[in-house]
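Enquirer: Sharing a structure below in structure tokens format, with a few things to ask.
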Amino acid sequence: MWKSASRAAARRCLGVLPMNEQERAPVSQGPEGREPVFLLPVSITALAGILIAVHLASTLVLNPDGQVELLLWFAFQPYRIVVAGFEPSIAIPLIWTPFTHAFLHAGWDHLLINVAWLVIFATPVVRRYGAGPMVSLFLISAFGGAALFAATTLYSQVYLIGASGGVAGLTGAAIRFMFQPVLMARDPETGEAVVLGRRLASLREVFANPRSRFFTLIWLALNAAVPLVPLLTGSALSIAWQAHLGGFAAGFLLVPLFERKI
């Protein structure tokens, strides 16, 4: 086990930010020294469980009228902003719906895709920053997705549901470090190698790295192209691409706020 003083000294030599304790800690082993099969962080399991539980309740417990009421009170509808001047009480759900819409889904396919994407990209975020920052980034990104959705659909009377914006934000946050090389240092006492983790890339470095540049540009291009699909195929899509782009931008730009100081 490396001493904390030696590890901190090595970090200072390289000028990198400290890794989260969960990321540095060895995987706990069972009584016979075997690694556990289930390695998903508890916070991600809990968040995914909440998403699934909400959808189960909305589909198996609520009747059609109850499902309409659920959307009325917890889905995000930008048109409320327009009518708020005539009936202020209608705008009250705007206090929470920019966040709560992320816990509602249109169907099992919608839910399972978001849960799978959550597992993939929330895992590196929670291991680097911890559970609280991961959930904060998820909610901030959901708000960012709702904001861009409102800016583009203000008068259309549509509503937004789904965790896509929050998950897109975690994707944007993970891109800032997951493609960067692992930094190593030498323990000043033993001379052995110490893994320091991956540094957070600047915006310039993200686009200078071939892998992170390719992933980012492809992701942005695919989502930006969604509005063009009906023009090419003649079929309408109910994908809230604005929430994807807004959430991604929020996580991508705001993740430095969660970096720890030396």
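Enquirer: Do the conditions hold for residue 111, that is, is it open to solvent by less than 40 Å² (accessible area, probe 1.4 Å), part of a helix (DSSP H, G or I), more than 16 Å from residue 76 (Cα to Cα) and in contact with a His (Cβ under 7 Å, 6 or more places away or on another chain)?
Expert: Here the answer is yes, as residue 111 does meet what is asked.
Enquirer: Scanning for something open to solvent by 30 Å² or more (accessible area, probe 1.4 Å), touching a helix residue (DSSP H, G or I) at 6+ places or on another chain (Cβ under 6 Å), closer than 18 Å to residue 136 by Cα and in a helix (DSSP H, G or I), does segment 48-70 turn up at least one residue?
Expert: Among the residues of segment 48-70, not one is open to solvent by 30 Å² or more (accessible area, probe 1.4 Å), touching a helix residue (DSSP H, G or I) at 6+ places or on another chain (Cβ under 6 Å), closer than 18 Å to residue 136 by Cα and in a helix (DSSP H, G or I), which makes the answer no.
Enquirer: When only residues in segment 76-104 that are touching a residue at least 24 places away in the same chain (Cβ under 8 Å) and surrounded by fewer than 19 Cβ atoms within 10 Å (Cβ to Cβ) count, which is nearest to the chain's Cα centre (by Cα)?
Expert: 99
Enquirer: Oh, and also: Return the residues of segment 105-122 that are hydrophobic (A, V, I, L, M, F, W, C) and within 15 Å of residue 239 (Cβ to Cβ); say none if nothing qualifies.
Expert: Within segment 105-122, 106, 111, 113, 117 qualify.
Enquirer: When you look at residue 197, is it buried (at least 18 other Cβ atoms within 10 Å of the Cβ), within 21 Å of residue 257 (Cα to Cα), modelled with pLDDT of 95 or more and among the small types (Gly, Ala, Ser), yes or no?
Expert: No: the conditions fail for residue 197.
Enquirer: Something else: Take the residues of segment 149-174 that are open to solvent by 60 Å² or more (accessible area, probe 1.4 Å) and part of a helix (DSSP H, G or I): which is nearest to residue 95 (Cα to Cα)?
Expert: Out of the qualifying residues, it is 151.
The values are calculated or read from the model by the stated rules, or taken from the named source; none is laboratory data. What you are looking at is a predicted structure, and each value in this text was computed from that prediction instead of being measured. Every residue, glycine among them, receives a Cβ derived from its backbone with ideal geometry; neighbour counts consider all protein chains shown. Quick note on the areas: whole protein, heavy atoms, side chains included, nothing else; ligands and nucleic acids left out. Shrake-Rupley method; radii C 1.70, N 1.55, O 1.52, S 1.80 Å.
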